[in-house]
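Visitor: A single structure is presented below for examination.
The values are calculated or read from the model by the stated rules, or taken from the named source; none is laboratory data. Every value quoted in this text rests on a predicted model; they were computed, and no experiment measured them. Neighbour counts are summed over all protein chains in view; Cβ atoms, including those assigned to glycine, are modelled from backbone coordinates with ideal geometry.
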Amino acid sequence: MKKTLPALFAAALVFSACDSQSPSEVQTRASDDSGLSPVVVADFSSASKNGDDVSPFLVAVNEQLAAAGANFAVAKAEYVTSPDGGEAGQTVFAFNRTLRLSSKWVPNDDRRLADGDNITYMSSQLLGLNFANGSIDSEPIVDATFGTYGSTACNALPLVKRPDPGVWPSAILALNGSPGDPFVADIVTLGFLPGSIFDLVLGPGASNNVLGVTFTYIFGSFDGGGNFTPSDVDNNGRTDTALKEVWYNDAFAWTDTGVGGIDIETVALHENGHALEMGHFGKVAVTGNGKLHVSPRAVMNAFILGVQRDLLGTDNASYCGNFASWPN
Ligand SMILES: [Zn+2]
């Protein structure tokens, strides 16, 4: 990991410094030229990094969904960081504290593209965003992480891949001005997006320290005033997950070998943990020199310490707690 620091820092700097004129491969694949933009514009000026964990972007997304009469809303975004920035990953919410119930997939939920009791996943290939740094095909690696979850000792949750239907699948990013159809699979991996998109959606600076993010949407209804009431059709005390959308930050140097960059499989295992309803684990501490520490180690720690392609104790316990008795 240490050897890669100068490269990572340089990559992030180059990207954020020349949004409009750099011919970097990242921008040629997914920039303003490619037609990608957030579905809403948010004002981050009143959001502080400390204390305010309601995202103005997510609030604005929900205002748009309310106006469109949608039966779902974005609930939260969970992001993971590189420890080198000195900041642990966070969960940012679309609602204030009264509406932060945890959500769970409902088996056989016909409001989403349910496939019986299966939970389905898909990697979009539409814009080539599945290629990290323009060269590493992440799709089989992302698939492998679902295999890892599917091979846990308690496994009762069938995870099934759907083919890419070739439609733009994002609820958050518009393509050429049009929002996508996100209900093409339960868990949609959009791929590796330019750092500039992370700044626009998660706030200034996100391009430099956020490796990946998972957005959670829940079902419910908006009233005429734009207030959202989540549903709980299976009466389990949890709101009903509508879909998950996963992004990775292409401003970092990525690797599929575990050396020379950030390991894709490690971060994908983490993000898909969020897709499978796990939150962050571990007590984070910052030492005098600004270095982050966390205990116990877990795939679901809020920052990525190094290569970790297998679930650890707390990960296994949480996953099994969620799904050992699925679909009951
Ligand atoms: Zn996370």
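Visitor: Here are some residues: G225, G191, G212, G203. Which one is at positive phi and either surrounded by fewer than 24 Cβ atoms within 10 Å (Cβ to Cβ) or within 16 Å of the ligand (Cβ to nearest atom) (or both)?
Guide: So the residue among G225, G191, G212, G203 that is at positive phi and either surrounded by fewer than 24 Cβ atoms within 10 Å (Cβ to Cβ) or within 16 Å of the ligand (Cβ to nearest atom) (or both) is G203.
Visitor: How about region 106-181: which strands (runs of 3 or more DSSP E) wholly inside it have at least 1 residues that are surrounded by 17 or more Cβ atoms within 10 Å (Cβ to Cβ) and in contact with a Pro (Cβ under 8 Å, 6 or more places away or on another chain)?
Guide: Per the criteria, 119-123, 173-175.
Visitor: Going through region 139-171 one residue at a time, which ones are among the β-branched types (V, I, T) and either at pLDDT below 95 or over 16 Å from K244 (Cα atoms) (or both)?
Guide: I141, T148, T152, V167
Visitor: It is to be established whether one or more residues within region 258-273 are on the phi > 0 side of the Ramachandran plot and within 12 Å of the ligand (Cβ to nearest atom).
Guide: no
Visitor: Are there strands (runs of 3 or more DSSP E) fully within region 239-325 with at least 2 residues that are polar (S, T, N, Q) and within 28 Å of P194 (Cα to Cα)? List them.
Guide: Because the criterion is at least 2 residues that are polar (S, T, N, Q) and within 28 Å of P194 (Cα to Cα), the strands (runs of 3 or more DSSP E) in region 239-325 that meet it are 239-249.
Visitor: Being hydroxyl-bearing (S, T, Y) and in contact with a Gly (Cβ under 7 Å, 6 or more places away or on another chain) narrows it down to one of S151, S178, S170, so name that one.
Guide: One residue alone meets the criteria, S170.
Visitor: Check whether at least one residue in region 209-221 is in contact with a strand residue (DSSP E or B) (Cβ under 9 Å, 6 or more places away or on another chain), at pLDDT below 95 and closer than 30 Å to K291 by Cβ, and report yes or no.
Guide: yes
Visitor: Ok, one more. Any residue that is modelled with pLDDT of 95 or more, under 20 Å from the mean Cα position of the chain (by Cα) and away from the ligand (no atom under 11 Å from the Cβ) - is there at least one of those in region 292-303?
Guide: The answer is no, given that none of the residues of region 292-303 is modelled with pLDDT of 95 or more, under 20 Å from the mean Cα position of the chain (by Cα) and away from the ligand (no atom under 11 Å from the Cβ).
Visitor: From (1) away from the ligand (no atom under 16 Å from the Cβ); (2) crowded, with 23+ Cβ neighbours inside 10 Å; (3) of a type in the set (K, R), pick out the condition that doesn't hold for K244.
Guide: (1)
Visitor: Can you spot a residue in region 43-53 that is within 16 Å of the ligand (Cβ to nearest atom), of a type in the set (A, V, I, L, M, F, W, C) and in contact with a strand residue (DSSP E or B) (Cβ under 9 Å, 6 or more places away or on another chain)?
Guide: no
Visitor: If you go through region 57-97, how many residues are more than 16 Å from the ligand (Cβ to nearest atom), assigned to a loop (DSSP other than H, G, I, E, B) and either under 13 Å from A206 (Cα atoms) or small (G, A, S) (or both)?
Guide: Total meeting the criteria: 5.
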